[in-house]
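First up is the structure itself, then whatever we jot down about it.
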Amino acid sequence: MTETEPRPDPLRAKLGAALFAVGIAMILWGVLHVAEAARGDQPLAPEFAQRRSYNQVKEAVHSTFPGGLMRGLAGLIVTMLGARMFRSYRQPPADPLQSARRLPPR
């Protein structure tokens, strides 16, 4: 690292990792939102007589899908932002040509 290059900020890496985790949680929230609507108020193993019809499940999922999609897409954006912030903290690999130029001549 030369004197003109800015020093990496470890706080930026921590914030990027936190945003990445929050984004993954938001994606999971969107998926579970739609899955919960598909399951409805039913217990996990309902009796055959208590099962919901195909149309009931379809209508519930169709009504909650836009909200789940928006949550998932927002989570994707936050995840990508966090990954970009985290990646910008790491130093790029050294250029092999520059390191070869610094070697003393034989």
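When each of LEU11, LEU15 is tested for being modelled with pLDDT of 85 or more, surrounded by 14 or more Cβ atoms within 10 Å (Cβ to Cβ) and hydrophobic (A, V, I, L, M, F, W, C), the lone residue that passes is LEU15. Residue check: is ARG87 basic (Lys, Arg), modelled with pLDDT of 80 or more, surrounded by 12 or more Cβ atoms within 10 Å (Cβ to Cβ) and in a helix (DSSP H, G or I)? No: the conditions fail for ARG87.
The C-beta contact set for region 12-28 (first residue over 11 Å from MET85 (Cβ atoms), second residue assigned to a helix (DSSP H, G or I) and acidic (Asp, Glu), distance under 7 angstrom, 6+ apart or interchain) is empty.
The values are calculated or read from the model by the stated rules, or taken from the named source; none is laboratory data. Everything numeric here is computed off the predicted structure, so don't read it as measured data. Here Cβ is always computed from backbone atoms with ideal geometry, including for glycine, and neighbour counts include all displayed protein chains.
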